[in-house]
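Below is one structure, written out as structure tokens; comments come after it.
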Amino acid sequence: MYIWTLISTYIIMNITRTFDLLDRYKELYPMEDALVGKENGQWVKYSSQDYINYSNWVSYGLLALGFKKGDKIATISNNRPEWNFVDMGMAQIGVIHVPIYPTIGTEEYDYILNHSEVKAIIVSSKLIWNKISSVVEKISTINSAYSFNEVEELTSWKVIVEEGKKNEEKYRDEVLKIKASIDKNELVTLIYTSGTTGNSKGVMLSHNNLVSNFISSSKAHGLGYGNRTLSFLPLCHVYERMMTYHFQYKGISVYYAENLGTLTTDIKEVKPQIINTVPRLLERIYDGIIGKGKNLPYIKKQIFFWAVNLGLRYRINNTYRFFYNFKLKIARKLIFSKWKEALGGEDMLIVSGGAALQVRLARIFWAAGLPVLEGYGLTETSPVISVNTYTPVVCKFGTVGKVMENVEVKIAEDGEILSKGPNLMAGYYKAPDLTKEVIDEDGWFHTGDIGHIDSDGFLKITDRKKEMFKSSGGKYIAPQVIENKFKESFFIEQIMVIGENEKFASALISPNFKFLHDWCSIHKVQYRDNKDLVNLPEVVARYQKEVNKYNTTLGEHEKINRFRLVCEEWSPETGELSPTQKLKRNVVADKYKHIIAEIYQHEKKQQNNGITSRFSVSDITNGIKNGIKKTLTKNAPD
């Protein structure tokens, strides 16, 4: 045992580059399912030794094909074990990995591939190749293109592996030599931020940036060797990538979901003990469960919502609330156990990041025995700055946890969160001017987020600095706070608060059309399409009821005075959201500029002939005077 502890400590102390994880696997984690992917509906397992072998073969193969230290290779792929093989294979020989989202537009592909000067690309499928082939043909730096799946026009990635196998003897010593020469502060990856405005910026991250972050974050829980995770967030995003290293560091088996459409099936098959997610997915899971609860028979429905309401009052460390804890045990037995079954049936830890998590969701999942740990960070900080922890439980609802070890945070006079530490990027690629804008002379990174550290030492985010605005009355409005409150409504999928330099705040609302269609079916509301639907008086009135409800929680200057329902769903594919589900405010504002202009033209009569409903508080009051108000109020559900 003593010898084992010494070996473990030695290996832990010598993790300074991402590829050092392979040595850790070799010494500590002899696993049959280190990485697991799904092919044609079947799980395909790769052992620890397979992982090491394939990574080495990729290294040898790339050298045999003429790649050298400092070259860049882009991957555009879904999550899969092969992604890890090429990631480690590149890192071992100093080739810089440029992972790119599979869902962005051709203009952004053109910009990133040109700006990064990659020499090769590896795509996952013919679908992606069809999307980017015309772009790739015009880029002179790209000499070769490979694919994970079989694509007729492309060379299989297996060719790299075969070249590696053939040249193993020739390049084994050279790879060892290159690995030994790589310093922890050398660039390992170039990650382009999705951005909500303008061109993406290439964030330069070193080995040390990522290693320091996954080692520190690994202390947030006690899971490890023998446990499983299911990965479904994009590996090209720094959050999932760092957490994948985190899992590998702890010896947790990483299973990759086939796609989001198979997620429910995959999670039941894998039965993970920990997953990463984003708040929007938790919102969808919760909404789906509640929707099913509403369709239960009367008695079961009463028990279901009794449990839900109990869960919404959950507090961490309820040691002295005997009667509450007694009722919670009953609720977990009767109701919440079914929630766990739907998510694999295991005790599972959920790590949430990428956006603000609604407190009610944190409470209800904790009550259900599915604790959610919310963290905070940015691509530029590799990414975690702070996180709530489970072992021990150092967690506070409504916060993003305490600042991680080795990371420093201070709050500027204007409330902006500043941070520094070994996780801070080297800068933006080819953009020293932009780097200077965010990293000051003292080395503090200006996050652009507004927040504060409470009396217990927990960091709380309140809004984005650039997104806060003043009304014409000089009052500050933090749109994200308001938007998160309104998104608690089952009727609202997305919302954007507007009103800079105006007398009052307003909002554009993209409805939860699935829920709205069900509501219309129950209330026998007829419509042709979504364009017609969002203009119906009874629909507008129902949304006014929701707006009134959430307005009661806001200050007078924050209340939504007018709103418009739009007939489109907002998504990354249609451009209103970033790949991480953040609002691209400039895009939304430009798309609906005529609607926004109309909202604030007070002298103009409201019209109902566009793609949105035209509505204000006073307008609907006048419109329902002749008996409509009574009818709608009677029909509206609680």
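Things worth noting here:
- Tilt relative to the chain, helix 168-181 - C-alpha long axis, 0 to 90 degrees, to 10: 70 degrees
- FRET efficiency for Lys300 and Trp43, using Cβ-Cβ distance with R0 set to 56 Å, rounded to 0.05: 0.95
- Crossing angle, helix 238-250 versus the chain [Cα axis fit, 0-90 degrees, rounded to tens]: 50 degrees
- Among Trp444, Gly105, Val588 the positive-end extreme of the charge dipole of the chain (Cβ point charges): Val588
- Rounded, prolate or oblate (a/c below 1.5 giving rounded, otherwise prolate when a/b exceeds b/c) for segment 48-122 by Cα gyration tensor: oblate
- Around Ser455: net Lys/Arg minus Asp/Glu count, Cβ-Cβ under 13 Å: +1
- Taking the Cα centre of the chain as origin and assigning +1 to Lys and Arg Cβ atoms and -1 to Asp and Glu Cβ atoms, the resulting dipole is close to 2780 debye.
- Among beta bridges that DSSP assigns inside the chain, antiparallel share in %, nearest 5: 55 percent
- Global geometry of segment 25-152, whether rounded, prolate or oblate, following the gyration tensor of its Cα atoms and the 1.5 cut on a/c: oblate
- Loop-located chymotrypsin sites (Phe, Trp or Tyr not before Pro) in segment 159-238 whose Cβ has at most 14 other Cβ within 10 Å (DSSP): Tyr225
- Here the extension length gained between Asp287 and Lys466 equals 61.4 nm, from 0.36 nm per residue of separation less the Cα-Cα distance.
- Legend: translational diffusion of segment 260-464 by Stokes-Einstein, Rh = Kirkwood radius over C-alpha pairs, 20 °C, 1.002 mPa s; D = 114 µm²/s.
- When the GluC sites (Glu not before Pro) in segment 411-496 are filtered for DSSP coil states and for at most 16 other beta-carbon atoms within 10 Å of their beta-carbon, the remaining sites are Glu413, Glu441.
- Separation in nanometres of the label points that stand 7 Å from Cα toward Cβ, at Glu169 and Asn548: 8.4 nm
- Exposed loop positions in the chain were taken to be trypsin sites (Lys or Arg not before Pro) whose DSSP state is not H, G, I, E or B and which have at most 10 other beta-carbon atoms within 10 angstrom. Between these positions, the longest stretch is 139-523.
- Fully extending the segment from Lys340 to Lys430 would add 27.6 nm, taking 0.36 nm per residue of separation and subtracting the current Cα-Cα distance.
- Here the label points at Glu269 and Asp529, each 7 Å from Cα along the C-beta direction, are separated by 3.8 nm in the simple model.
- Inter-probe distance in nm under a simple model that places probes 7 Å from Cα toward Cβ, at Lys126 and Ile411: 5.7 nm
- Beta bridges by DSSP in segment 2-182, antiparallel share as percent, to the nearest 5: 25 percent
- Dimensionless Rg over Rh [the chain; C-alpha; Kirkwood]: 0.98
- Taking 0.36 nm per residue of separation and subtracting the current Cα-Cα distance, fully stretching the chain between Val393 and Arg321 would add 24.1 nm.
- When the Cα positions of Val135, Leu577, Leu176 are compared along the charge dipole of the chain, Leu577 comes out farthest toward the positive end, with charges on each C-beta of Lys, Arg, Asp and Glu.
- At most 16 other Cβ within 10 Å, DSSP loop - chymotrypsin sites (Phe, Trp or Tyr not before Pro), segment 293-386: Tyr320
- Residue among Gly288, Met404, Thr391 farthest towards the positive dipole end of segment 260-464, charges placed on Cβ: Gly288
- Placing +1 on the Cβ of every Lys and Arg and -1 on the Cβ of every Asp and Glu, with nothing else charged, gives segment 264-380 a dipole about its Cα centre of roughly 800 debye.
All of the numbers you see were taken from the coordinates with simple rules; none came from a lab. As the structure is a computational prediction, the values presented were derived from the model and not from experiment. Cβ: placed from backbone, ideal geometry, glycine included. Neighbour counts: every protein chain shown.
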